[in-house]
């Protein structure tokens, strides 16, 4: 009997030893698997206040911590870029039991954002109460950035195609508008002259016989209104002519192949001669600071002059309730590879939404004042044609600063 009990105990001991060995091997396989997998693996306690229990090396590296012990000390909600999202995510797991490849914005150890795709399952006890949240995280930050870059490139291609089509359309429209406008211009002057020549006769008739109708209106009213009407018509035709010229300029391909070495200080001086009266009427203070020893740029003198004129005109039209001051500064960039023309005003500024659109064709906040919305679009195209760029910084009520950046001419020392 004793021998049988001894044999039974040995069998049990052997079975326990084998079970422990299998459990040890299982733990080893699990540890090896989680240690080598490139995805972040974790187990944490449930709820918004949950804590990490186990993390693999990939997750530690993903979040930028030095060790698993350091990462485990961080409250789970603090790993979220917006901690409030932790509660929403936990609630979703309680309700549905699992979440598959949900995109979350997390926070690395140094505070930089980290976009991850997470798949998590709630591990429940026999009563269905979640005991752990087990999950896998994949860093998709680079992928999202690439997707965003592709979207931006696609938008740029679509915009370029739209601009080409718009240029073709604009060229035709400008021609169709200009012809009837010239017809009006050529006829309104002799009509006005005829009316003015007839005024002495009509006035004598009015003095002798009293008021009479002309054009369906009493002569007295017609005499007052017609001169103003003639002026309005002439002003309207001038505005149409300006719009047509802007349209043609916008549609015209920039003559990059006719570029030359240009001194931007000379460009600014030439533009200010043309703008003298406008500046004098619009500003309480105007200042110019010409940088010294600025290299030339390869561009078209008249085109860059047009950019300066457009920017200064816009600055002169930006006056708010306070006196307007404008300053122009030319300088060479710190890297000495770009030349800049800076135009600063103390005007009413531009709203954030409008600032993003200032170079869009036909966008203007001054349409009621005759603005066509093409000046800055044309200026932007001119800068781009010569390898430069046009930049703006503005705040409502605080004024606007514009920068014209152009590549500096590289001297051939060979």
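List of remarks:
- Test for residue 58: is it free of Cβ contacts under 8 Å to residues at least 40 places away in the same chain, out of contact with any helix residue (DSSP H, G or I) (no Cβ under 8 Å at 6 or more places or on another chain), closer than 19 Å to residue 141 by Cα and not in a strand (DSSP E or B): yes
- Close pairs from the stretch 109-125: first in a loop (DSSP other than H, G, I, E, B), partner surrounded by 17 or more Cβ atoms within 10 Å (Cβ to Cβ) and modelled with pLDDT under 90, Cβ under 9 Å, at least 6 apart: 109/71
- Check on residue 171, surrounded by fewer than 11 Cβ atoms within 10 Å (Cβ to Cβ), at pLDDT below 80 and in a helix (DSSP H, G or I): no
- Matching entry among 21, 15, 49 (being outside any helix (DSSP H, G or I), over 22 Å from residue 138 (Cβ atoms) and either modelled with pLDDT under 90 or out of contact with any helix residue (DSSP H, G or I) (no Cβ under 6 Å at 6 or more places or on another chain) (or both)): 49
- Considering residues of the stretch 346-356 that are closer than 25 Å to residue 243 by Cβ and surrounded by 15 or more Cβ atoms within 10 Å (Cβ to Cβ) only, the residue modelled with the lowest pLDDT: 355
- Any hit, the stretch 106-117, residues being out of contact with any helix residue (DSSP H, G or I) (no Cβ under 8 Å at 6 or more places or on another chain) and either under 20 Å from residue 38 (Cβ atoms) or surrounded by 16 or more Cβ atoms within 10 Å (Cβ to Cβ) (or both): yes
- In summary, residue 280 fulfils each of the numbered conditions (1) touching a residue at least 40 places away in the same chain (Cβ under 8 Å); (2) in a helix (DSSP H, G or I) with the single exception of condition (1).
- Checking each residue in the stretch 300-316 for being within 14 Å of residue 409 (Cβ to Cβ) and either modelled with pLDDT of 90 or more or within 26 Å of the chain's Cα centre (by Cα) (or both) picks out only 304.
The values are calculated or read from the model by the stated rules, or taken from the named source; none is laboratory data. As the structure is a computational prediction, the values presented were derived from the model and not from experiment. Virtual Cβ from ideal backbone geometry, glycine too; neighbours counted across all protein chains shown.
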